[in-house]
Amino acid sequence: MSKRQNPSDFLKQIIGKPVVVKLNSGVDYRGILACLDGFMNIALEQTEEYANGQLQNKYGDAFIRGNNVLYISTHKR
């Protein structure tokens, strides 16, 4: 049986790793998680924007305001 984690532990473990950030609007941002704060404001590096599963744009760095985030998950590149 695996050890239970709280969300804070999970977020600390994924800093520097590839993630998918899904927004309330349905748009996905995929990139390397640089940092986040207590309000779930997120900074990503090597960011790609996807809408309806299609690549829309590429950004070097991106900042996502926490109140727009539906979820964040790990992603294999």
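Residues in segment 1-28 that are assigned to a loop (DSSP other than H, G, I, E, B) and within 13 Å of H75 (Cα to Cα): I15, G16, K17. Only one of the numbered conditions (1) open to solvent by 80 Å² or more (accessible area, probe 1.4 Å); (2) free of Cβ contacts under 8 Å to residues at least 40 places away in the same chain is not met by Y71, and that is (2). Scan segment 3-22 for residues that are free of Cβ contacts under 8 Å to residues at least 40 places away in the same chain and either of a type outside the set (D, E, K, R) or open to solvent by 60 Å² or more (accessible area, probe 1.4 Å) (or both) and jot them down. Matches in segment 3-22: K3, R4, Q5, N6, P7, S8, F10, K12, Q13, I15, G16.
Filtered by the rule that a residue be more than 14 Å from K12 (Cα to Cα), surrounded by fewer than 16 Cβ atoms within 10 Å (Cβ to Cβ) and small (G, A, S), segment 23-64 gives S25, G26, A51, G53, G60. The set of residues in segment 29-55 that are part of a strand (DSSP E or B) and of a type in the set (G, A, S) comprises G31, A34, A43, A51.
The values are calculated or read from the model by the stated rules, or taken from the named source; none is laboratory data. This is a predicted model, so every value here is computed, not measured. As a convention, Cβ positions derive from the backbone with ideal geometry for all residues, glycine included, and neighbour counts pool all protein chains shown. Ligands, DNA and RNA are stripped out before the accessible areas are found, and what is left, the full protein with its side chains, is counted by its heavy atoms. Shrake-Rupley method; radii C 1.70, N 1.55, O 1.52, S 1.80 Å.
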